[in-house]
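The values are calculated or read from the model by the stated rules, or taken from the named source; none is laboratory data. All figures in this text were calculated on a predicted structure; none of them were measured in a lab. Virtual Cβ from ideal backbone geometry, glycine too; neighbours counted across all protein chains shown. Heavy atoms of the whole protein, side chains included, go into the accessibility calculation; ligands, DNA and RNA do not. Shrake-Rupley method; radii C 1.70, N 1.55, O 1.52, S 1.80 Å.
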Amino acid sequence: MRLPRFRSLPGLVLALCLALPSTAQAHAPAPLGGGSVLQTRCTAGFAAVSGNTGYLIASSACGRPGDIVRSGGRVVGVVLAEQTPPTGAIVIRVTNTTDWRLVASIPPTDSRVTITGSAEAAVGASVCRYGSTTGWHCGTIQGKNQTITFPDGTLTGLTRTSVCAEPGDNGGPFVSGTKAQGVLVGGSGNCSSGGTTYFLPVNRVLSAYGLTILAGTS
């Protein structure tokens with residue numbers, strides 16, 4: 001017996017196509033925070049918040065007021081106006097919440113350290129730094145309230161450490177345990193022969209801009 005032709009097949013195919021889920025769904029926001037690579041070969045220091053608005057703290061070498069900052073080719077946000085006198089750090093207001101979500105872990109993708117606050121460690125305490133060029137390196141806090149003259153000017157209130165750094169690590173976070181300490185603003189030497197670095201205490205930046213460090217559960 002010959003089966004009749006199924007004349008409504010095109011309509012059925014159309015109905016099935018309409019019912020299938022779209023493959024062009026929006027992607028989930030990527031994690032962003034301390035240790036994220038910024039466009040100018042810099043490293044973000046810490047994530048911070050004020051109300052419902054998110055921010056990144058980094059070195060002033062990573063951008064100037066009004067600059068649009070990107071990471072991986074995607075817009076992160078805009079650099080806020082600089083405080084007076086200059087602190088050596090910048091604060092980036094995160095405007096792109098479609099592509100990014102702020103996290104308290106450093107670096108954002110492997111959560112090796114989750115920030116739980118920003119209590120300042122004493123001279124002699126162990127401190128570690130993360131940078132996009134050299135990764136994690138550790139040492140000790142050697143001095144506080146240091147004044148250093150850089151090509152762009154003089155900065156005061158810095159903390160000196162025995163931790164090494166190299167180009168591209170600028171702006172990266174220093175931590176003691178799970179407590180945020182500061183952002184890298186300069187130094188000498190390298191991670192092959194050793195060196196000296198200086199960070200700007202993060203509490204000074206938080207206070208100047210009215211921010212709170214983004215904290216998580218370690």
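Across the stretch 165-196, what is the number of residues that are outside any strand (DSSP E or B) and open to solvent by less than 20 Å² (accessible area, probe 1.4 Å)?
Adding up the residues that qualify gives 5.
Which of the following residues is more than 19 Å from N170 (Cβ to Cβ) and aliphatic (A, V, I, L, M): V94, V79, V69?
V94
Just to be sure I understand the filter: pairs with C-beta atoms under 9 Å, separated by 6 or more residues or on different chains, first member in the stretch 51-72 and more than 23 Å from S118 (Cβ to Cβ) and among the basic types (K, R), second member open to solvent by 60 Å² or more (accessible area, probe 1.4 Å) and part of a loop (DSSP other than H, G, I, E, B). Which pairs pass?
R64/E82; R70/Q39
Just the residues that are basic (K, R) and assigned to a strand (DSSP E or B), please, taken from the stretch 92-117.
Within the stretch 92-117, R93, R101 qualify.
Which residue pairs have Cβ atoms under 7 Å apart, sit 6 or more places apart or on different chains, and have a first residue in the stretch 82-96 that is closer than 20 Å to I68 by Cβ and a second that is modelled with pLDDT under 80 and in a loop (DSSP other than H, G, I, E, B)?
Once the first residue is closer than 20 Å to I68 by Cβ and sits in the stretch 82-96, no partner that is modelled with pLDDT under 80 and in a loop (DSSP other than H, G, I, E, B) comes close enough.
Out of the residues in the stretch 118-164 meeting the condition of being closer than 19 Å to T87 by Cβ and part of a loop (DSSP other than H, G, I, E, B), tell me which one is farthest from the chain's Cα centre (by Cα).
P151
Output the residues belonging to the stretch 79-116 that are open to solvent by 30 Å² or more (accessible area, probe 1.4 Å) and of a type in the set (A, V, I, L, M, F, W, C).
L80, A81, L102 - these are the residues of the stretch 79-116 that are open to solvent by 30 Å² or more (accessible area, probe 1.4 Å) and of a type in the set (A, V, I, L, M, F, W, C).
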